[in-house]
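To keep things clear, I will list the structure first and then write my remarks on it.
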Amino acid sequence: MSATTTPIQQVSDVTILFAGDSGDGMQLTGSQFTLATALARNDLATLPDFPAEIRAPAGTTYGVSGFQLHFGEVAIHTPGDEVDLLVAMNPAALKMNLDRVRIGGAIIANIDSFKQRDLDLARSDSNPLEDGSLSGYEVVALELTKLTREALKDSGLSTKDIDRSKNMFALGLALWLYTRPIEPAREWLKGKFAKKEMIRDANLLVLDKGYHYGETVEAFAARYEVAPAKLEPGTYRSIRGNEALALGLVAATTKSGLGLFYGSYPITPASELLHALSKYKDFGVRTFQAEDEIAAAGSALGAAFGGQLGVTATSGPGLALKGETIGLAMMTELPMVIVDVQRAGPSTGMPTKTEQSDLLMAVYGRNGEAPIPVLAARTPGDCFEAAYEAARVAVKYTTPVILLSDGYLGNGAEPWQIPDPDSLKPFEVRLANPDSVARDDDGAFLPYVRDEVTNARPWAPPGVAGLEHRLGGLEKDARSGGVSYDPENHQYMTDIRAAKVAGIANEFRPLEVEGDQEGDVLVLGWGSTYGTIKAAVDRARSQGLRVGHAHLRWLNPFPNDLGAVLSKFSEVLIPELNHGQLVRLIRERFLLPVKSLAKIQGVPFKTSEIEEAIHQTASGN
Amino acid sequence: MSDNNKPKGVKPAGLPKKAAGPKGAKPARPPAKLGSRPAAPPKARIVPTPSGDGDSTALPVLTKKDFDSGADVRWCPGCGDYAILAAVQRVLPELTEKKEDVVFISGIGCSSRFPYYMNTYGVHSIHGRAPTLATGLKASRPELDVWVITGDGDSLSIGAGHFTHVLRRNLNVQIILFNNQIYGLTKGQYSPTSEVGKVTSSTPYGSLDHPFNPLGLALGADATFLARTLDRDPKHMQAILRRSHAHQGTGLVEVYQNCNIFNDGAFFTYTERDSKALNCVFLEHGEPLVYDEGKKGLKLDGLKLRSIDLTNGSSTSDCLVHDEKDRTLAQIYTQQLMWNDDLPRPFGVIYTEDRPTYDSLLQAQVDEVTSKKGKGDLNALLHAANTWVIE
């Protein structure tokens, strides 16, 4: 790298957004910039935002794909409210994202894609690069397509292939502008196109050209540097929620010694779990792409009956289809994990957009009285621990467990301190022992005689002589597990199944409150809103309000001390990416007039939105 | 929030600590009077080998009774299901020495109560979904001996998707399809195998649906073992169950089963003495297709099966010879011997082929990847990315 003449400014945190056509490779550009940023040791959070269509008509607003990244030397909890730099590959990308750019922010636009046809496709009446509408921003218009074609004129590649590498020019330029290392992207290209040398060399060349172009063109007044964040000592990697969740399940199979069976049907945004787990056959992981969501759940339950860690994952519509099987798992009291990577509903909804609107379905969405534990992950990296915990609790209490993630967590990335496998909670497995199980006077195994502490029933997979038994969806006799229509027995079984789930709360750690421990407002959240709530609470406290933040790991059962925590604050504010579902659960349980901040737009909260709601709540509005 | 609203105490709307119901009441004790319980699992009896040479070597031998759970069988008196239960209990001791490895998985319907009556492991699952549980179980525990019990509504209506998929995957399980051409447990509606025009509680003016051809459907899904038998022919049924169990892959056995309450006599053409001979052709591999007590045979005339008179000039050498490995023949049988009342219905093993099973392929893939990569190391996997260290 040659000595630079462009001055370098130190900044504490930056938000950049790569936006272009869904065929422009923006997700790839964003994820490579993320990797470079992680290796530059910044804290970071990402928000990939893309259409459901694989290749929506080129140049249209509904084909725009974006990747937002917030990084800093300070702790980063959100993908950023306002964008400092927007890289817009065409007018549609600019049009869809301009409102996210802060006034005075920078815009790099590919002027080659701002021709009349492109403007027509984006339904822009005039050219924003010329009509003065961007006067409040620092605009750098580049001939990205032309520069790429010139760089590759001797490459022997087709124009189509050449144009496909222009995102590497943008990446190179962005890396230069933010003084990121270029080596990780180079290494990645070498690996990705190892067998396509021409493409590999072309991309490497364009990446370098982009990196050096910033210096040559002298269009930029300054470069920016973001110092490493002060993260806890340890070994880190960048991780996305879906990756972390899959690793958490592998940790569960390794630590428990139980085989992992994963039955799944492809669905956005959960499919990546299947992709990831199908690679881990060396961990004995068996993945099964089922014919539908129902078969996926049924296969996981069949495996659970066989003594495996039975796991299935899906998103909202799939959870609806799995409902009957989850009910059977609850009735047969077999351990099973159901992952719901939530997306915007209802019905097919907005598959690539995030939401938290399956909470009530997870807690209540089955016929009959069918309580099961429900927990949620709060950050991409936390998906690891949440998955491990879901599996551990399912086995310990012989119950299906629903784990809620969402599209934002699944696709979003953050630096993750890699845990030491030895530091994970012990994962106890107690299979029924034919010599010590409860038996009736005739010596028959009683598969519904419970553990006195956990109320779990013995898990007795086939293959063990003397433990032969039959399970099913018909109501069970409280001891033998035989079919029973006895009224009192049904009451007892309904009660004991509820008590078993409620009792899980007895092993929870005290509910942690960040910020003030008592005061004006408690912000109560769950799931992926963690980072944004934390950032908003920090800001509100710096302005003198007494605000606490409690974030629920478990939505069912609630922690035993939740009521006590709620009582220490004058007001309770619950921000959710739904129409107020946790609010209903809290009101139902505690009869408290909690306040709802409901956002249902398919995108995460902005910090400012929660901050404003905290102020309003504190002032009694 | 006013003080009045403040939850006092640590556990506000207290769910109880242990074993208490939603209203905070302590759950009632388990009722003193429990329903009829399954009897004790009879231990494998030790009996002398009948070798007659005075050697007293004792081997555990399972009997039919060992497979009886002792639960009261609740099918209607006279139901064809009893015969199927008896046949399965009778053949199992020949097929296995390890009762604990046997698992019966059923869906919902009259037939699906079956697992409760077997003193083995079992799951009475969800309507139509038995193949899905069987798939997860067999794919993760290939050493188990898994049987799927289903009916015509269970496997061909609500579970038709899973039925075809388990067949194409060729999971190494047995499927016994109790076909009674009616919905029994829901009280007599027409089923996906009921004949057109059937008058039932849901079709007072006659049903309009063209019925499924179960074995034709299975063949279309590339099933590797197809057989048909009759509830009223226990010997034949036992022989077919043995063949199905011996088959490596999905052993599909369709049983014509009489529902004497809602569809009595649906198969009497094939089961009763006066009509059976003329309407059934019992297939044997390598044997000519002869029926009506040797008086008639089936001849292949081009691509058409034709009945020939063996008492008047033609002989068995003119008859088609059954080859259970011949897929084309299987297609001809399942199409031409299904809707044509002038020709007999085939029973026995209609088709079988060798094809790797899903469970063995999955096991082989796991083994292969593991032997190539070595057993996975969790710590290494967690670090398998670009990492950096913060001091």
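The values are calculated or read from the model by the stated rules, or taken from the named source; none is laboratory data. Keep in mind that what you see is a predicted model, and the values were worked out from it rather than measured. Every residue, glycine among them, receives a Cβ derived from its backbone with ideal geometry; neighbour counts consider all protein chains shown. Quick note on the areas: whole protein, heavy atoms, side chains included, nothing else; ligands and nucleic acids left out. Shrake-Rupley method; radii C 1.70, N 1.55, O 1.52, S 1.80 Å.
Tabulated data
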| item | result |
| --- | --- |
| Where chain A is the region considered: accessible area per residue in Å², 1.4 Å probe | 36 Å² |
| Heavy-atom accessible area ranking, 1.4 Å probe, most first, across A:240, B:129 | A:240, B:129 |
| Nearest 10 degrees, 0 to 90: helix A:197-217 Cα axis against chain A principal axis | 60 degrees |
| Sequence-distant residues sharing a close amide H with residue A:572 (under 5 Å, placed H) | A:522, A:595 |
| For segment B:164-304: rounded, prolate or oblate by the Cα gyration tensor [a/c cutoff 1.5] | oblate |
| For segment B:320-391 and segment A:402-442, distance of Cα centres in Å | 31 Å |
| Cβ-based net charge around residue A:456, under 9 Å, with every Lys or Arg adding one and every Asp or Glu removing one | +3 |
| Long-range HN-HN contacts of residue B:68 with modeled amide H, under 5 Å | B:119 |
| Percent RCO, i.e. relative contact order, over segment A:1-125, from Cα pairs under 8 Å lying at least 6 residues apart | 29 percent |
| Over chain A, relative contact order from alpha-carbon pairs under 8 Å, at least 6 apart, % | 12 percent |
| Cα-Cα separations in segment B:333-391 greater than 15 Å, expressed as whole percent | 74 percent |
| Long pairs among A:95/A:115; A:195/B:372; A:396/A:476; A:425/A:534; A:166/A:209; A:281/B:98, criterion Cα-Cα beyond 18 Å | A:195/B:372; A:396/A:476; A:425/A:534; A:281/B:98 |
| Nearest 10 degrees, 0 to 90: helix A:530-542 Cα axis against chain A principal axis | 70 degrees |
| Centroid-to-centroid separation of segment B:73-128 and segment A:317-372 [C-alpha atoms, Å] | 32 Å |
| Carbon + sulfur, % of accessible area of chain A - ligands and nucleic acids excluded, 1.4 Å | 49 percent |
| Nearest-ten-degree value, helix A:183-192 long axis tilted from longest Cα axis of chain A | 70 degrees |
| Calculated from backbone phi, Karplus (6.51, -1.76, 1.60) coupling profile of segment A:142-159 in Hz, x at Gly/Pro | 10, 8, 4, 5, 5, 4, 5, 5, 5, 4, 10, 5, 9, 6, x, 7, 6, 4 |
| Nearest-10 value in Å² for the accessible area of residue B:100, using the 1.4 Å probe | 30 Å² |
| Drop in accessible area of at least 50 Å² in the complex versus isolated chain, residues of segment A:572-609, 1.4 Å probe | A:589, A:592 |
| Net charge contributed by nearby residues that have their C-beta within less than 15 Å of residue A:9 (K/R +1, D/E -1) | -3 |
| Accessible area per residue, Å², segment B:75-159 with all protein chains present, probe 1.4 Å | 22 Å² |
| Karplus (6.51, -1.76, 1.60) ³J(HN,Hα), θ = phi - 60°, over segment A:336-350, in Hz, Gly and Pro reported as x | 6, 10, 10, 9, 10, 8, 5, 9, 5, x, x, 6, 6, x, 10 |
| Segment B:96-101 - phi-based ³J(HN,Hα) in whole Hz, Karplus 6.51/-1.76/1.60, Gly and Pro as x | 8, 9, 10, 4, 6, 8 |
| Highest-first arrangement of B:245-258, B:150-163, where packing means the average Cβ count within 10 Å | B:150-163, B:245-258 |
| Hull-based mean projected area of the protein assembly as shown, where the convex hull spans the alpha carbons, in square nanometres | 51.5 nm² |
| 1.4 Å probe, heavy atoms, protein only - residues of segment A:489-506 losing at least 50 Å² accessible area vs chain alone | A:492, A:495 |
| 5 angstrom amide H check on residue B:281, placed H, neighbours 5+ away | B:345, B:347 |
| Inter-centroid distance (Cα atoms) of segment A:132-184 relative to segment A:207-263, Å | 23 Å |
| Within 10 Å of each Cβ in A:304-314, the average number of Cβ atoms from other chains | 4 |
| Percent of Cα-Cα distances greater than 17 Å, calculated over segment A:430-507 | 48 percent |
| Net charge of neighbours whose Cβ lies under 10 Å from the Cβ of residue A:163, counting Lys and Arg as +1 and Asp and Glu as -1 | +1 |
| Cα-only radius of gyration and Dmax that characterise segment B:58-273, units Å | 16.5, 64 |
| Rounded, prolate or oblate (a/c below 1.5 giving rounded, otherwise prolate when a/b exceeds b/c) for segment A:8-225 by Cα gyration tensor | rounded |
| Sequence-separation-based contact order of segment A:237-423, relative, with Cα cut under 8 Å and 6+ spacing, percent | 29 percent |
| Accessible surface buried once A binds B (1.4 Å probe; total of both sides; Å²) | 7900 Å² |
| Ellipticity estimate at 222 nm from DSSP helix runs (n ≥ 4, -39,500 (n - 2.57)) divided over the protein assembly as shown, nearest 500 | -9500 deg cm²/dmol |
